[in-house]
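The values are calculated or read from the model by the stated rules, or taken from the named source; none is laboratory data. This structure is a prediction, so every number in the text was calculated from the model and none was measured. Here the Cβ positions follow ideal geometry from the backbone for every residue, glycine too, while neighbour counts run over all protein chains shown. Side chains are part of the model used for accessible areas, which takes the heavy atoms of the whole protein and leaves out ligands, DNA and RNA. Shrake-Rupley method; radii C 1.70, N 1.55, O 1.52, S 1.80 Å.
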Amino acid sequence: MKTDNINHEFLDGVLDGSHPDVYYHFGVSNEDSLLEPLRDVRAVIMAGSGGRIKEFADHWSELNGGAEIVAFPKDDRFVTRYTAGVLFASHGMGMPSASIALQELMRMVFFLKGGDEEAMADVFWARVGTSGGVGLPGGTVVVTSEGVMADLKPYRLIQGGSGTYWFDSTFPADVYNAIIAASDHTDFDVVSGKTVAGNEFFLEQFRLDGAIRLETDESKMEWLKWLHDNGVRNIEMEGAMMAGYLNHWGFPKFAMICCTLLNRLEGDQVTASPEQLHKFSEDSGVVLFNYLKSTLLD
Ligand code: URA
């Protein structure tokens, strides 16, 4: 872990009881007894939708002999469940929403592990989501090798004083390779590639079907082909930030697993049937659980 990048000024006082830490958007604080069983957390799994989180937690509980599921009481922002060593939490849509979830979850893990960096480094993080494929048909699962923004540069934020703060938004290669290896017998393709995180579903993904249109057919295709030529295989809305923040603390084990809903080289609208969408979404879950089973089940 990168000790100097952890906010010890704030977090050490939580450990020594000087002040509590309120994970406001999750509706709990470090002083809640509800968090006590979470001290054994070995993985934090994030997904956009709360419904998905409940399904994931139910499935993981079943795989663990019906382990008890702890449900966080507040669910108007994020839906959260804990069972059998895995904390499942939704993060909403886009980097502003997902960054709130991730910062509070990182603080929670710091507290749960008593600031022990070795124990924190053992925690596996993943986002499971949906995306637009770049040269890949709907139904492909992409395990991200590097998160980039729409200009193919790493995640960054405007920061007072020093201008722009650049993050390392690469994903650990040993982890994405192990995830792909754990799913080598599926009836759908599982590939690695770079992933663009757009700040918008329409404009920063160069769609022509938004209420506002800033691109032409030509500029859209030029962008998509440029992405493809540079190794991008899908587009979503959170991965670059997620990798940037987890790398900032030095977490060594994290990944992003996204199914594609469409091939953006062929269109903008998501026209897959509800049955197809259900199967796509199930498939990214299959890849996640193949990996969790291979690493966490005894
Ligand atoms: N999610 C996105 O962000 N983009 C898509 O095209 C599909 C899902």
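Using +1 at the Cβ of each Lys and Arg and -1 at the Cβ of each Asp and Glu in the chain, identify which of 263, 24, 244 lies farthest towards the dipole's positive end. Positive-most Cα among the choices belongs to 263.
As an equivalent ellipsoid, the stretch 196-248 spans semi-axes of 23, 15, 6 angstrom, where each value is the square root of five times an eigenvalue of the C-alpha gyration tensor, largest first. Each eigenvalue of the Cα gyration tensor of the stretch 212-298, multiplied by 5 and square-rooted, gives one semi-axis; in descending order these are 29, 20, 10 Å.
Solvent-accessible surface of protein heavy atoms, probed at 1.4 angstrom with all chains present, puts 278, 19, 91 in the order 278, 19, 91, largest first.
Among 89, 212, 126, whose Cα projects farthest towards the positive end of the dipole of the chain, with charges put on the beta-carbon of Lys, Arg (+1) and Asp, Glu (-1)? Going by the Cα projections, it comes out as 212. When 62, 200, 104 are compared by accessible area of protein heavy atoms, the largest-first order is 62, 200, 104, using a 1.4 Å probe. When the pairs 2/74; 2/253; 54/74; 194/225 are compared against a 24 Å limit on Cα-Cα distance, 2/74 fall above it.
So how exposed is residue 213, as accessible area in Å² (1.4 Å probe, rounded to 10)? My reading of the accessible area for residue 213 is about 130 Å².
If you model the stretch 130-298 as an ellipsoid using its alpha carbon gyration tensor, with each semi-axis the square root of five times an eigenvalue, the axes come out at 26, 23, 12 Å, biggest first. Taking the 0 to 90 degree range and rounding to the nearest ten, how far is the long axis of helix 217-229 tilted relative to the main principal axis of the chain, both from C-alpha atoms? Result, in degrees: 60. For the stretch 6-122, the spread of Cα coordinates along the three principal axes comes to 38, 32, 24 Å, biggest extent given first. Of the solvent-accessible surface of the stretch 6-122, computed with a 1.4 Å probe over protein heavy atoms with every protein chain present, carbon and sulfur atoms account for 48 percent.
Could you let me know the centre-to-centre spacing of the stretch 112-142 and the stretch 219-298, using Cα atoms, in angstrom? First find each Cα centre; the distance between them is then 9 Å. Relative to the Cα centre, the charge distribution of the chain, modelled as +1 at Lys and Arg Cβ and -1 at Asp and Glu Cβ, gives a dipole magnitude of about 300 debye.
Applying D = kT/(6 pi eta Rh) to the chain, where Rh is the Kirkwood radius over alpha-carbon pairs, T corresponds to 10 °C and eta to 1.306 mPa s, the Stokes-Einstein value obtained is 81 µm²/s. Computed from phi, the 3J(HN,Hα) profile of the stretch 114-127 under the Karplus parametrisation 6.51, -1.76, 1.60 (θ = phi - 60°) reads x, x, 6, 5, 5, 5, 5, 5, 7, 7, 8, 10, 8, 10 Hz, with x in place of Gly and Pro. Ranking of 295, 80, 271 by solvent-accessible surface, largest first: 271, 295, 80 (1.4 Å probe, protein heavy atoms only, all chains present). Here the stretch 130-298 is treated with +1 on each Lys and Arg Cβ and -1 on each Asp and Glu Cβ, and its dipole about the Cα centre works out to around 360 debye.
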